[in-house]
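Read through the structure below, which is laid out as structure tokens, and then see the notes.
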Protein chains: 2
Amino acid sequence: MKILFAGAGALGSRFGYMLFKNNEDVTFVDTWGEHVEKIRNKGLKVIIDEVDLGNFYIPIYKPEQISGKYDVIFVATKSMQLRPMLESVKHLFHEDTKIICILNGLGHVETLKDYVKEENILIGVTVWTSGLGGPGILEAHGTGKIELKQVKEINLDRTLSLVERFNDAGLNIRYSENAFQSIWHKAGLNCVLNTYCTLIDCNINQYGSFEKNLELTRAVLNEVTAVGRAEGIDVKQEIIENNIKNCFPLETAGAHYPSLYQDMKNGRLTEIDYLNGEVSRLGKIHNIPTPVCDVITLMIHSKEFINNNK
Amino acid sequence: MKILFAGAGALGSRFGYMLFKNNEDVTFVDTWGEHVEKIRNKGLKVIIDEVDLGNFYIPIYKPEQISGKYDVIFVATKSMQLRPMLESVKHLFHEDTKIICILNGLGHVETLKDYVKEENILIGVTVWTSGLGGPGILEAHGTGKIELKQVKEINLDRTLSLVERFNDAGLNIRYSENAFQSIWHKAGLNCVLNTYCTLIDCNINQYGSFEKNLELTRAVLNEVTAVGRAEGIDVKQEIIENNIKNCFPLETAGAHYPSLYQDMKNGRLTEIDYLNGEVSRLGKIHNIPTPVCDVITLMIHSKEFINNNK
């Protein structure tokens, strides 16, 4: 089984390393030249829980350098790079190539459907985390899990055996009927914490320290819940509210500045269009007003524009 | 006619100086000890359009030091200091003391009514600007004008002669039936520029440079207009939108960071409760949803809280 990681960033290289070490046939594709050169010439340096596990010579290419056909494509990009990445690797798909997508945010199935059949889309959500310590260097901590679902559930056998094989390598995937609910629950949390921390300019603990944080949280989540339900997802707002609350303590995620905050500070474009922006877009389709998500999306975009983020 | 400036900050000291120079009986009250001491010992140093006009020994007191009765109280505080200031000078009112209030923001008449009869409230709006160059130093530029209205229009004579006398000193007051409309128009502009510039972290020109600024503007102004009309004010949204647009060029107000932005940066509490916060409060009374003003008010308050502003 030929496995391609389309995107060998923090999460992609972590999962790729786990499968590679378990003797799977893993290949990386990435657009970051320095990262590609480093891994090709010196191997991927893997540091997990502060332990240097050595360098691993996982084949890596830039999209324009690679050919052949792959059985599984694990996409691991930023949300806005999903479509360009798929465009640049679509020549590597055969008729039954499966795509695994556990990107943050909403709306990815629509994009994936432009490239493969729905029975070949495995969509999900993860709590694994990871980081890069520079080009060619994976620096990760802890463990995690993945929830995954085949969008159209026919011929599940290949997917289930794939899950088993990935779990042999430690990815800790659970095939789950509720993956869409989990995607919305995670997106809901990000629609709140990512945006407010960025606009208020604070970390998660500080957000939680404001006595009326629940009012702010609900202003967004009421819209997320209404739109998600209109989409047929059983969004449980009280679960999201509770997940958010559990992030506040400094011992959990409180000291953390969310990824959107960091993207904004570091001059990058944000994933807002796959969070509150997608809620706004879907709200219009379902005729559900989303004034708070609308204005938050616009503020984040104006901040990107004014900061000249790219 | 004994005139008291309750608040001898930037605008108060500018108008007070103009009247004092025109031989009016002017007294200042202020709570800032250093400022009071400086003016008492060295006079108010007046610099207008970069020209040093000398030092003026205008009587100045702290609230607890002053007694006697005054015919006109010109309140010139920050919005949130209006009530505490009135509390501290109310012993200086006689039965027909008039209060002039041209503070920014909404909701001040309700406060003033707790201290004087409606026929003694002169409410309005100004485009005069001013600044302090430190304690005891007035630094101002340009000229301006004031629109003023007696809240309950009985016995207008005293008000009209007062307007005439103040105009002798150059204050350029126009008695106007439309003062409430003007207050709402100015507040509407501030509900947009003050808040968005603070949350996006930009100046007025940058706000205007974002291609979808009009969508952001309207998200707030639709609520301001609906609530203002429910209050019986003929709010003309297209005028406010146009006034906002006219602030964008660097030649007008574009390079300026609004006062709320500066208060936030300088660790002070903001006037948000007299802008979007008052729109939210009135919206609830009139059963008009104001989700955007609600969430903006909460974000500004959370930023004050997290920054430990006082």
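Laboratory data are not the source of any read-out in this text; all were calculated from the coordinates shown. From a predicted model like this one, the values you see are computed outputs, not experimental measurements. Cβ atoms come from the backbone with ideal geometry, glycine included; neighbour counts cover every protein chain shown.
Annotations for the structure displayed:
- Inter-probe distance in nm under a simple model that places probes 7 Å from Cα toward Cβ, at A:Arg174 and B:Glu110: 5.0 nm
- With both labels modelled 7 Å from their Cα along Cα-to-Cβ, the B:Asp25 to A:Asn308 distance reads 6.1 nm.
- Chain B: angle of helix B:157-168 to the longest principal axis, Cα-based, in degrees nearest 10: 90 degrees
- Reachable aspartates and glutamates from A:Lys303, criterion Cα separation under 14 angstrom, eight or more residues apart if same chain: A:Asp201, A:Asp263, A:Glu271, A:Asp273, B:Asp201, B:Glu211
- Of the residues A:Thr111, B:Gln65, A:Phe305, the one whose Cα sits farthest towards the positive end of the charge dipole of the protein assembly as shown is B:Gln65 (charges of +1 on Lys and Arg Cβ, -1 on Asp and Glu Cβ, taken about the Cα centre).
- Taking 0.36 nm per residue of sequence separation and removing the Cα-Cα distance, the B:Ile154/B:Ser67 pair yields an extension gain of 28.4 nm.
- With Cα atoms defining each centre, the stretch A:74-153 and the stretch A:221-251 are spaced 23 Å apart in the structure.
- Neighbour-count ranking [beta-carbon atoms within 10 angstrom, fewest first] of B:Phe166, B:Phe15: B:Phe166, B:Phe15
- Estimated FRET transfer efficiency (B:Asn222, B:Lys117; beta-carbon r; R0 35 Å; 0.05): 0.50
- Per-residue [θ]222 nm for chain B (sum of -39500 (n - 2.57) over DSSP H runs n ≥ 4, rounded to 500): -13500 deg cm²/dmol
- In sequence order, calculated HN-Hα J values of the stretch B:226-238 (Karplus, 6.51, -1.76, 1.60; Hz; x Gly/Pro): 4, 6, x, 5, 4, 7, x, 9, 7, 6, 9, 4, 5
- Put in order of Cβ neighbour count within 10 Å, fewest first, the listed residues B:Phe248, B:Phe74 become B:Phe248, B:Phe74.
- Most mobile listed residue (A:Phe28, A:Phe210, A:Phe93) in chain A, GNM with C-alpha springs under 10 Å: A:Phe210
- Exposure proxy for A:Ile123, B:Ile47: other Cβ atoms within 10 Å of each Cβ, ordered fewest to most, give B:Ile47, A:Ile123.
- Spacing of the two label points (7 Å from each Cα toward its C-beta) at B:Lys236 and A:Asn287, in nm: 3.6 nm
- Other residues within the sphere of radius under 13 Å centred on the Cβ of A:His91, judged by their own Cβ, net out at 0 (K and R +1, D and E -1).
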